[in-house]
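A.B. asks: Below are the structure tokens for one structure; questions will follow.
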Amino acid sequence: METHFAFSVKAILGRDHFKCASVVAGHKGLKRLVKWVHVFEITEVRENLKGGELVLSTGFGWKEDNNLFISLLEQLIQRNVSGLCIELGSFIDTIPEEAVELANRHHFPIITFNKEVSFVEITQDIHADLINQQYELISNLEDYSQRLNKKLLSIDNSFEILKYLQQYLGCQLVYMAKDEQVIMIPAVNEIEKEKLLSCLNHSSCMKVISQPVYVFERRFATVHLLTKSRDFGEFESLLLDRTATALAQYLLRELYTEEKRKAEETEWMLEWLQGVHTKEEINEHLTIYKINDNISGAIVLIVKLQENHHLNTDITYLNMMIQNIFDQNGYFVFPVEKRHLLTFVLLNKEGEDDWKHRTAKGIERMKKILKESNGATFQIAGGKYVRKLDHVDESFKTAQETLSIQGKMPAGDAKHFYEDMHMYRLISLVHKHSNLQSLIKEYLDPILEYDQKHNTNLLQTLKVYLACNGSKKETAKKIFVVRQTLYHRLEKLEQLLGKDFMEAEKRQVIEFSILAHEYQQTILN
């Protein structure tokens, strides 16, 4: 189907008013399209012509001045005029050889009338057909749009829209989505596909028109039409534009449906995390994902990203990557995204013996991805491992508590699992329900006052000595002092804390006090 709001110069030469016309130059340009006919007798084109006009002239404007004629010819060529028709006899008798050479060089048709003709009748004749043609094409365009809109009500994939356009025009269609998906209609082999994709970048091998598909000012895809056999005109461009609009409407509908589904899924997941759903409701929901009963337990992971931190990695892509990581480590993964918190319910589809090892392995890979995302600041907290799916809320609550405790732990003391917090969980509990400060004051004040007064760090020595279970050799090595210096410090600790500070019960309270002090210092900072 060749459809243009225009005729070729060659087609116009077959009309009755051109029986006495001769083509004297630019024979190779007779395929140029004529969108309008314009009588033109001046020698300065300026903005009077827009391109695609067939110019009729008696030569009155330049008469016998060949330089003026050449100047006008150059302007017409530059303005992409379709051709020049000159009536000989009234003001000029011949076309200069220099003008013929210029026209041939640019494939610009020059046509002469060898006797007087009526420019009015020529314009009326051609314009009437052009207007009728435009009316017919507009009717065709409207019919196409109505049929396309009807299709939108029943189709369930965008391929049907693309196929309809391709069949209507009968040319090659290439659809390139944002995710690099490429659809060819009709389908071609890989070699031909590469050739067509190459032609999109080098349109000299084929005629190409393209139209992007936008949804909310965001480009989702581009539709290309390619052909060797004909030129594309305004009608094809309008068809392509209407098709792109229909695709945008379809994609918008799909996005809305997907967002609605996601919102409903998120709401259900949040209710699950809050302990709203029964065991039966959870099992029924999981059948949608074809998850069988071979689930041995679950753990909730929370990833907290720094607020307003710009990630190089798209959040959706990040979710997919994390899901893939834990899927490879033996888990079904259910993500819940809320602001700067990413929550993942991990359902264990393998044994219980190594669940923690597999989860820790996944966390390490996840940390690497997050660090590569523009060095994003983040926390990762794992809740309590639960064996029943209707107890997932316990894992979620303990993951939240782990997240809270992490923010109060000393820098560098990285623990991701609730069950690894041990003493910190006790400190947090005591902090909520009693006065930690009085305990710290009773057991650590003498050391804290001594360190402040003498600019020493006896507290650090005590912490390392306790961690080394009283090994003087190991302690001296870790704090980088000679044995004699350590002995001197231990004597001072005995003076301040009492000689019994390494006895079991007192030692446990001192260790607890040191952690509580660090916990409080982190809160204050």
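A.B. asks: Condition first: loosely packed, with under 15 Cβ neighbours inside 10 Å and not charged (D, E, K, R). Now tell me which residues in the range 213-244 satisfy that.
C.D. replies: Passing the criteria: PHE216, SER229, SER237.
A.B. asks: Do you know which of the residues in the range 313-332 that are in contact with a helix residue (DSSP H, G or I) (Cβ under 8 Å, 6 or more places away or on another chain) and modelled with pLDDT under 90 is most open to solvent (accessible area, probe 1.4 Å)?
C.D. replies: Taking the candidates together, the pick is MET321.
A.B. asks: Let me ask something else about it. Across the range 156-172, what is the number of residues that are closer than 16 Å to ALA248 by Cα and open to solvent by 20 Å² or more (accessible area, probe 1.4 Å)?
C.D. replies: Residues flagged as closer than 16 Å to ALA248 by Cα and open to solvent by 20 Å² or more (accessible area, probe 1.4 Å) within the range 156-172 amount to 7.
A.B. asks: Which residues, taken from the range 96-117, are within 19 Å of LYS19 (Cα to Cα) and either surrounded by 16 or more Cβ atoms within 10 Å (Cβ to Cβ) or among the small types (Gly, Ala, Ser) (or both)?
C.D. replies: PRO109, ILE110, ILE111, THR112, PHE113, VAL117
A.B. asks: Could you check the range 475-490 and list, in sequence order, the residues that are in a helix (DSSP H, G or I), open to solvent by 20 Å² or more (accessible area, probe 1.4 Å) and within 28 Å of GLN520 (Cβ to Cβ)?
C.D. replies: If the condition is that a residue be in a helix (DSSP H, G or I), open to solvent by 20 Å² or more (accessible area, probe 1.4 Å) and within 28 Å of GLN520 (Cβ to Cβ), then LYS478, ARG489 are the ones that fit.
A.B. asks: Taking the options TYR214, TYR164, name whichever one is in a helix (DSSP H, G or I), at pLDDT 85 or above and of a type in the set (Phe, Trp, Tyr).
C.D. replies: Being in a helix (DSSP H, G or I), at pLDDT 85 or above and of a type in the set (Phe, Trp, Tyr) holds for just one of TYR214, TYR164, which is TYR164.
A.B. asks: Looking for something among the basic types (Lys, Arg) and over 26 Å from the mean Cα position of the chain (by Cα) - is there at least one such residue anywhere in the range 198-211?
C.D. replies: yes
A.B. asks: What about GLU192, is it exposed (fewer than 15 other Cβ atoms within 10 Å of the Cβ) and either part of a strand (DSSP E or B) or among the acidic types (Asp, Glu) (or both)?
C.D. replies: Judged against the criteria, GLU192 is a match.
A.B. asks: Also, quick follow-up: With respect to ASP413, determine if the residue is modelled with pLDDT under 90 and part of a helix (DSSP H, G or I).
C.D. replies: When the stated conditions are applied, ASP413 does not pass them.
A.B. asks: Still on this structure: ARG79: open to solvent by 60 Å² or more (accessible area, probe 1.4 Å), without any contact (Cβ under 8 Å) to a residue 12 or more places away in the chain, out of contact with any helix residue (DSSP H, G or I) (no Cβ under 7 Å at 6 or more places or on another chain) and not small (Gly, Ala, Ser), yes or no?
C.D. replies: So ARG79 does not fit the description; no.
A.B. asks: Still on this model: For the range 162-183, state whether one or more residues are over 25 Å from LEU238 (Cβ atoms) and of a type in the set (Lys, Arg).
C.D. replies: no
A.B. asks: Another question, if that's okay. If you go through the range 269-292 one residue at a time, do you hit one that is assigned to a helix (DSSP H, G or I) and farther than 30 Å from LEU389 by Cα?
C.D. replies: no
A.B. asks: Is there a residue in the range 122-141 that is at pLDDT 90 or above, outside any strand (DSSP E or B) and surrounded by fewer than 15 Cβ atoms within 10 Å (Cβ to Cβ)?
C.D. replies: There is at least one residue in the range 122-141 that is at pLDDT 90 or above, outside any strand (DSSP E or B) and surrounded by fewer than 15 Cβ atoms within 10 Å (Cβ to Cβ).
A.B. asks: Can you name every residue in the range 70-121 that is among the hydroxyl-bearing types (Ser, Thr, Tyr) and assigned to a helix (DSSP H, G or I)?
C.D. replies: The one that is among the hydroxyl-bearing types (Ser, Thr, Tyr) and assigned to a helix (DSSP H, G or I): SER71.
A.B. asks: Here are the criteria: (1) touching a Leu at 6+ places or on another chain (Cβ under 9 Å); (2) free of Cβ contacts under 8 Å to residues at least 60 places away in the same chain; (3) of a type in the set (Lys, Arg). Tell me which single one ARG242 does not satisfy.
C.D. replies: Here ARG242 meets the rest and fails (2).
A.B. asks: Exactly one condition in (1) open to solvent by 50 Å² or more (accessible area, probe 1.4 Å); (2) closer than 19 Å to GLN521 by Cα; (3) among the hydrophobic types (A, V, I, L, M, F, W, C) is false for LEU458; which is it?
C.D. replies: Evaluating LEU458 over (1) open to solvent by 50 Å² or more (accessible area, probe 1.4 Å); (2) closer than 19 Å to GLN521 by Cα; (3) among the hydrophobic types (A, V, I, L, M, F, W, C) leaves (1) as the failure.
The values are calculated or read from the model by the stated rules, or taken from the named source; none is laboratory data. Given the structure is predicted, the values throughout are model-derived calculations rather than measurements. Cβ coordinates were reconstructed from backbone atoms using ideal geometry, including for glycine residues, and neighbour counts include every protein chain displayed. In case anyone asks, the SASA skips ligands and DNA or RNA and just uses the protein heavy atoms, side chains included. Shrake-Rupley method; radii C 1.70, N 1.55, O 1.52, S 1.80 Å.
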